[in-house]
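Have a look at the structure below, then the notes.
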Amino acid sequence: MTRMDVDPRLTTVRGALARTLPAGQLDLERLAFDPDGVLLIEGEAASIAAKKRALRVAAITSGAAGLADRLHVRPAIPMQDGEIRVRLAELFALDPRFRGIALYEDRNPSPLAEDYVAVAGAAADANGRLDIEVSEGIVTLNGALPSLTRMRLAGALAWRVAGVRDVINGLAVEPPEDDGPDQLEEAVREALDADPLFDDAQVKVGVFGDSVRLTGLVHSQDARDAAEESAWRIMGVDEVINEIEVRAGP
């Protein structure tokens, strides 16, 4: 028996994770406290929802001073980093909400050197900068954008590429904005508006702390699932309560 298995705090966390997440949703590779009381959680989750729920449960039940998140999402379609970069560049370049943003990508990510190449946007009159780096399916976004909503949407857009395993959103907001439930709700609404499966007016959004409640009416299960997935992709959303009804036909 290892020391990790003996620690009663880890036993508590493992039990809570097993009760919260259905079988197959979480492949936990490592769970351990560092000397400063930070809990390392490492492994693979079946979805963004499973990842965020696992982190939430671990934070609540462990009593840890903080979390070291090394939990990644199982990609829907395996992709090479270069292919992910190409698809990300296309998504951002074509999205009108990122028009006027200088877009750069790092085609040779390395801790020793940066090699950012301009993809879109005129540096002279750009209204912000977005740097994209991809390593082993993990996307890192850096730079600065002009609003909290666009900062959150950048991360949500990155999650739309099927081969992405995780998104690290390091974007700054310039000028700075105060954050709160209204800003989180706006980002969720913007994410819903971008989904072609449904009219976002059909879905109502309520925000309570870091939880989002979705209500309304759509015409297919795919649309219902897409609305929930869009909400989960938003940075700052740690729980989604999906109460959308499905009514097929006219």
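Results, tabulated for the structure shown:
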quantity: Distance histogram for the range 55-188 (every C-alpha pair counted, 5 angstrom bins, percent rounded to whole numbers); calculated: 2, 10, 18, 20, 19, 16, 9, 4, 1, 0
quantity: Lys, Arg +1 and Asp, Glu -1 on Cβ, resulting dipole of the chain about Cα centre, debye, nearest 20; calculated: 620
quantity: Within the chain, helix-based [θ] at 222 nm, where runs of 4 or more DSSP H residues each add -39,500 (n - 2.57), nearest 500; calculated: -10500 deg cm²/dmol
quantity: Sites Ala194 and Leu67, calculated FRET efficiency, Cβ-Cβ separation with R0 30 Å, nearest 0.05; calculated: 0.50
quantity: Restricting the range 148-250 to trypsin sites (Lys or Arg not before Pro) in coil, as DSSP defines it, with at most 11 other Cβ within 10 Å; calculated: Arg247
quantity: Scattering profile of the range 181-246 at q = 0.14, 0.22, 0.25 Å⁻¹ [log10 I(q)/I(0), Debye over alpha-carbon scatterers]; calculated: -0.31, -0.79, -1.04
quantity: For the range 121-250, the spread of Cα positions along each principal axis, largest first, Å; calculated: 51, 33, 27
quantity: Charge dipole (the range 136-250, unit charges on Cβ, about Cα centre) - positive-most of Leu214, Pro146, Trp159; calculated: Trp159
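Read-outs: derived from the displayed coordinates by stated rules, not from any lab. Just so we're clear, the structure is a prediction, and the values are computed from it rather than from any experiment. Neighbour counts are summed over all protein chains in view; Cβ atoms, including those assigned to glycine, are modelled from backbone coordinates with ideal geometry.
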